[in-house]
Amino acid sequence: MVQMKPLDPAFSIQQQFAEEEAGPVVLVNVFTLDPADEAAFLDAWGKDATYMKGRPGFISTQLNRAIGPSPTYFNEAVWESLELFRTAFSDPDFRARLADYPSSATTSPHLFQRVAVPGVCVA
């Protein structure tokens, strides 16, 4: 089963769930694992992504792998709202899937909102 470790120890994803409604939200989820577990991780993550694609509010996802031998990944997933992501993340069917991840896997999820910076990016 995947272990959860807050990306920001001072403000966990569970604390973010208690925040006022926001949307759209971007989930950034950093995974670390043993190199021997990469195939099992990719299988579990792929099944989770397919499951989440069918949930209301899901917009997109992209898995990224670190360059070189580091078995570090990060997922970026965009959701219409905090409420819809919270509902999907809290669903017992999804929570049960966490047992499919290799025991060496650690996940650090955190929610963000896009920020507009004039001349550089739009929200």
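Where residues in region 85-108 are touching a helix residue (DSSP H, G or I) at 6+ places or on another chain (Cβ under 7 Å) and either in a strand (DSSP E or B) or not polar (S, T, N, Q) (or both), which of them is farthest from residue 43 (Cα to Cα)?
86
Of the numbered conditions (1) closer than 21 Å to residue 112 by Cα; (2) loosely packed, with under 12 Cβ neighbours inside 10 Å; (3) at pLDDT below 95, residue 91 fails exactly one; give the number of that condition.
The one condition residue 91 does not meet is (2).
For region 26-84, which positions are part of a strand (DSSP E or B), more than 13 Å from the chain's Cα centre (by Cα) and either closer than 20 Å to residue 99 by Cα or touching a residue at least 60 places away in the same chain (Cβ under 8 Å) (or both)?
72, the sole residue that qualifies.
Test residue 17 against the criterion of being aromatic (Phe, Trp, Tyr), within 21 Å of residue 114 (Cα to Cα), at pLDDT below 95 and in contact with a helix residue (DSSP H, G or I) (Cβ under 6 Å, 6 or more places away or on another chain), and give yes or no.
Values: aromatic (Phe, Trp, Tyr): yes; within 21 Å of residue 114 (Cα to Cα): yes; at pLDDT below 95: yes; in contact with a helix residue (DSSP H, G or I) (Cβ under 6 Å, 6 or more places away or on another chain): yes.
So residue 17 fits the description; yes.
Select from region 94-123 the residues that are surrounded by fewer than 16 Cβ atoms within 10 Å (Cβ to Cβ) and aliphatic (A, V, I, L, M) and list them in ascending order.
Matches in region 94-123: 96, 98, 99, 115, 116, 117, 120, 122, 123.
The values are calculated or read from the model by the stated rules, or taken from the named source; none is laboratory data. What you are looking at is a predicted structure, and each value in this text was computed from that prediction instead of being measured. We place every Cβ from the backbone using ideal geometry, glycine too, and count neighbours over all the protein chains shown.
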